[in-house]
Amino acid sequence: SFMSRNDLLDTSVKWLPSKLYLQNFIDAAKAMDYVSSFEKGILIAGLPTLCNVVICMMVGYGFARYEFKGKKILMGILIFSYILPRQITMIPTYVLYTKMGIQGTLWAFILPALFGNGLNSPIFILIFYQFFKQIPKVLMEAASIDGAGHFKAFFKIAVPSAIPAIVTVVLFSFVWYWNESYLTQLYVVGAFTNNSPGYHWSSLIVSLKNFENSYNTARSVAGSGMVDINESIKMAGTMLSILPLLIMYLVLQKQFVESVDRTGITGE
């Protein structure tokens, strides 16, 4: 991504560029409308993630803490909904969202997350379920004896102790929503166009997917100020799209490793 066009054509230049060429990043940022796409990407990944954390934590706590009729059946449905291929439900979901009037809006991601059916929500429910199962029952019984009701015990004991699980779910959910380009284009692209004509919803990943077309458009507007698209510019666009996630992992890597260790997730 730091190679100039001369470095690309020079067969003696293999891995390291002759000099750091930053114009690739500038041109890629212009083509991707970087600031605007970044802000929209934060919203499109952040808001459903927030809903995922709150709802999945409550559902997981309910499964772990209480016994009720049909619990095993509901757990089976939960697991089945996770292993069900997403391709089977895409078209029916699209038709449903269109009839509900939320297709082409951010509600297409937020509303399912509010009902525990967001992107990969079943695995998040299972993470919280596994974590809350580890809380000693005597602790919850002691809280009940002290006069704490169901909600007070949840917010005062369960939620503070679930910080590692919350960090894990936030990171996984945010990354999965951030990297989801197909469903974003299918359900969300075009949001707010009714309020502001010509204003289209997009994210960095969607912009990267359409990078070649958007770059050629930006180049035609800029004239000779931008060179023809090449591999260096494409790689610069890729680096710009994953840069926020790299920074997030860099800042939260300690908490992430500890959270994964405590919630029992493995790479197997």
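List of remarks:
- Pairs with Cβ under 7 Å, 6+ apart, first in the range 55-70 and touching a residue at least 40 places away in the same chain (Cβ under 8 Å), second open to solvent by 80 Å² or more (accessible area, probe 1.4 Å) and assigned to a helix (DSSP H, G or I): A64/K133
- Residue within the range 124-133 that is open to solvent by less than 50 Å² (accessible area, probe 1.4 Å), among the β-branched types (V, I, T), in a helix (DSSP H, G or I) and within 17 Å of Y61 (Cβ to Cβ) present: yes
- Of the residues screened, T105 is one that is touching a helix residue (DSSP H, G or I) at 6+ places or on another chain (Cβ under 9 Å), surrounded by 15 or more Cβ atoms within 10 Å (Cβ to Cβ) and either part of a loop (DSSP other than H, G, I, E, B) or at pLDDT below 90 (or both).
- The set of residues in the range 161-185 that are open to solvent by less than 20 Å² (accessible area, probe 1.4 Å), under 30 Å from M140 (Cα atoms) and assigned to a helix (DSSP H, G or I) comprises P164, A165, T168, V169, L171, S173.
- Just one of the numbered conditions (1) over 30 Å from I247 (Cβ atoms); (2) β-branched (V, I, T); (3) open to solvent by less than 30 Å² (accessible area, probe 1.4 Å); (4) in contact (Cβ under 8 Å) with a residue 12 or more places away in the chain is not true of I44: (1).
- Pair list, Cβ < 9 Å and 6+ apart or interchain, from the range 152-173 residues that are within 14 Å of Y61 (Cα to Cα) to residues that are among the charged types (D, E, K, R) and part of a helix (DSSP H, G or I): A153/R65; F154/R65; A158/R65; A165/R262
- Boolean, L78 is closer than 21 Å to V169 by Cα, in a helix (DSSP H, G or I) and open to solvent by 30 Å² or more (accessible area, probe 1.4 Å): no
- Residues considered: A158, A148. Of these, the only one that is surrounded by 12 or more Cβ atoms within 10 Å (Cβ to Cβ) and part of a helix (DSSP H, G or I) is A158.
- Qualifying residue in the range 237-250 (condition: outside any helix (DSSP H, G or I), modelled with pLDDT under 85, at negative phi and open to solvent by 70 Å² or more (accessible area, probe 1.4 Å)): no
- Residue check for S18: touching an Asp or Glu at 6+ places or on another chain (Cβ under 7 Å) and surrounded by fewer than 19 Cβ atoms within 10 Å (Cβ to Cβ): yes
- Residue among I73, I55, I79, I83 that alone is at pLDDT 90 or above and either under 26 Å from the mean Cα position of the chain (by Cα) or small (G, A, S) (or both): I55
The values are calculated or read from the model by the stated rules, or taken from the named source; none is laboratory data. Note that the coordinates shown come from a computational prediction; the quantities given were computed from them, not determined experimentally. Glycine also receives a Cβ, built like all others from the backbone with ideal geometry; neighbour counts cover every protein chain displayed. To get the accessible areas, we keep the full protein, side chains included, count just its heavy atoms, and leave off ligands, DNA and RNA. Shrake-Rupley method; radii C 1.70, N 1.55, O 1.52, S 1.80 Å.
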